[in-house]
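One structure is given below, encoded as structure tokens.
The values are calculated or read from the model by the stated rules, or taken from the named source; none is laboratory data. Predicted model only: the values in this text are computed from it and were never measured. Glycine also receives a Cβ, built like all others from the backbone with ideal geometry; neighbour counts cover every protein chain displayed. Accessible surface areas use protein heavy atoms only, side chains included; no ligands, DNA or RNA. Shrake-Rupley method; radii C 1.70, N 1.55, O 1.52, S 1.80 Å.
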Amino acid sequence: MMKQDILSMDLPALTEAVRALGQPAYRAGQICQWLHKNGAADFDEMTNLPKTLRSVLHDNFVIFGCAIEKKLISEYDGTIKYLFRLHDGEFVETVLMKYKYGYSVCVSSQVGCRMGCKFCASTLSGAVRNLAASEILSQVYAVQRDTGARVSHVVMMGMGEPFDNYDNALRFLALITDENGLNLSMRHISLSTCGVVPGIYRLAERNLQLTLSVSLHAPNDALRTSMMPVNRKWPVAELIKACKDYTAATSRRVSFEYALVKGVNDTPECARELAALLKGMLCHINLIPVNEVAETGLKKSTAENVKRFEAYLADRGFAVTVRRTLGADINAACGQLRRSSVKT
Ligand code: SAH
């Protein structure tokens, strides 16, 4: 019999599973507390449960955990990047960042990625598999256990495309905001997509208070398709329409990510096109000097070009920021650590 993935269960599901084993319902509350409040990684840590019950749990359930394979700490800003080993030997990356407002964790949603963005290291060797909700969640728990930090913010901006693993991504969001778990505020969560339009519409229906980030990176189809193959399926006009519909449905402003690549998408012409494209939208633009990944050959924009690009947009009334580069000395960019560790 397959063991059940216990960390993907919320309290009602856990209660049902515990009842099915002939155990009293209050045990589910205790187990839930151990798993989601105390971050227990093993049933033997659950010391207020009888030994016999712990062994029944062992026989019927598995706690999908994250083992630390590598850990890099930035000398500049204390950002910590983890390479976690999953139960089947696959690896994902997770990053802990410290901000003025608290600790934020960047989680991965897939092992690898099949979206093929030209600048991104995560996708270089394709997608391997989806993560279960528990495996996304346990990245946060493992970071908390390792550092003692109380995480208050989560960004789904690690490896993988959350909308290519929609159900598990949404289950993760439900679990991490559950009052029986970390009880994070939806407003402290961002989910980033490369532009999977049906995912944007599905999420809009849920009307959650999280921040939707959209990786735009280019203001027109020719350029965007050359950087992001996903644009062939859902071109710029469709994507922008979906973002407008998202805001209409949720009253939330969309955040656009724009990675500046030297000589590719950082020209004054691109800034003009971008301003025209987003005109009148309730949105935020996040400019990111591209992280250079050896295999891509792409170079980051000069500081001067970044400034000019930012100023052009700010002058036209856009809410625009340049992302602070955290962990530049520890390969904190998407997928770089897994790549340097796994021979693929
Ligand atoms: N698949 C989702 C989330 C993961 S990528 C998405 O595409 O949004 C998280 C963010 O990092 C995206 O905005 C992505 O475009 C960006 N990114 C990937 N590689 C990068 C690089 N080398 N430099 C800067 N940003 C990068």
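For the range 231-344, which fully contained helices (runs of 4 or more DSSP H) count at least 1 residues that are at pLDDT 95 or above and hydrophobic (A, V, I, L, M, F, W, C)?
236-250, 268-278, 303-315
Which one is surrounded by the fewest Cβ atoms within 10 Å (Cβ to Cβ) among residues in the range 25-46 that are under 20 Å from Ile136 (Cα atoms) and small (Gly, Ala, Ser)?
By that ranking, first place goes to Gly39.
Is it fair to say Lys279 is within 27 Å of Ile330 (Cα to Cα), open to solvent by 40 Å² or more (accessible area, probe 1.4 Å) and of a type outside the set (A, V, I, L, M)?
Criteria not met by Lys279.
Go through (1) part of a loop (DSSP other than H, G, I, E, B); (2) at negative phi; (3) open to solvent by 30 Å² or more (accessible area, probe 1.4 Å) for Gly22 and report which single condition fails.
(2)
Could you please find all residues in the range 293-327 being open to solvent by 50 Å² or more (accessible area, probe 1.4 Å) and touching a residue at least 40 places away in the same chain (Cβ under 8 Å)?
Glu295, Lys300, Thr302, Arg308, Tyr312, Arg316
Looking at (1) surrounded by 15 or more Cβ atoms within 10 Å (Cβ to Cβ); (2) closer than 20 Å to His188 by Cα; (3) not small (Gly, Ala, Ser), which one does Tyr99 not meet, given that it meets all the others?
(1)
Mind listing just one residue for me: the one in the range 222-239 that is free of Cβ contacts under 8 Å to residues at least 40 places away in the same chain and over 12 Å from Thr193 (Cβ atoms) and, of those, most open to solvent (accessible area, probe 1.4 Å)?
Arg232
Mind checking which helices (runs of 4 or more DSSP H) fall wholly inside the range 121-221 and carry at least 3 residues that are closer than 30 Å to Val236 by Cα, open to solvent by less than 10 Å² (accessible area, probe 1.4 Å) and in contact (Cβ under 8 Å) with a residue 24 or more places away in the chain?
166-176, 197-206
State which residue pairs qualify: first residue within 16 Å of Leu210 (Cβ to Cβ) and in the same structural domain as Cys283 (by TED's automatic domain parsing) and inside the range 241-260, second residue in a helix (DSSP H, G or I) and of a type in the set (Lys, Arg) in any location, beta carbons under 9 Å apart, and separation of 6 or more residues or different chains.
Note: pairs meeting the criteria are Thr250/Arg206; Val254/Lys244.
Just checking, how many residues over the range 86-114 are within 20 Å of Ala127 (Cβ to Cβ), of a type in the set (D, E, K, R) and under 17 Å from the mean Cα position of the chain (by Cα)?
Of the residues in that region, 2 qualify.
Do any residues in the range 84-101 that are assigned by TED's automatic domain parsing to the domain that holds Thr147 have Cβ atoms under 7 Å from those of residues that are open to solvent by 30 Å² or more (accessible area, probe 1.4 Å) and charged (D, E, K, R), where the two are at least six apart or on different chains, and which pairs are they?
Within 7 Å, the pairs are Phe84/Glu69; Arg85/Glu69; Glu90/Arg129; Phe91/Glu69; Phe91/Arg85.
Do we find a residue being within 16 Å of the ligand (Cβ to nearest atom), touching a Lys or Arg at 6+ places or on another chain (Cβ under 7 Å) and within 22 Å of Tyr76 (Cβ to Cβ) anywhere in the range 99-114?
Looking through the range 99-114, none of the residues is within 16 Å of the ligand (Cβ to nearest atom), touching a Lys or Arg at 6+ places or on another chain (Cβ under 7 Å) and within 22 Å of Tyr76 (Cβ to Cβ).
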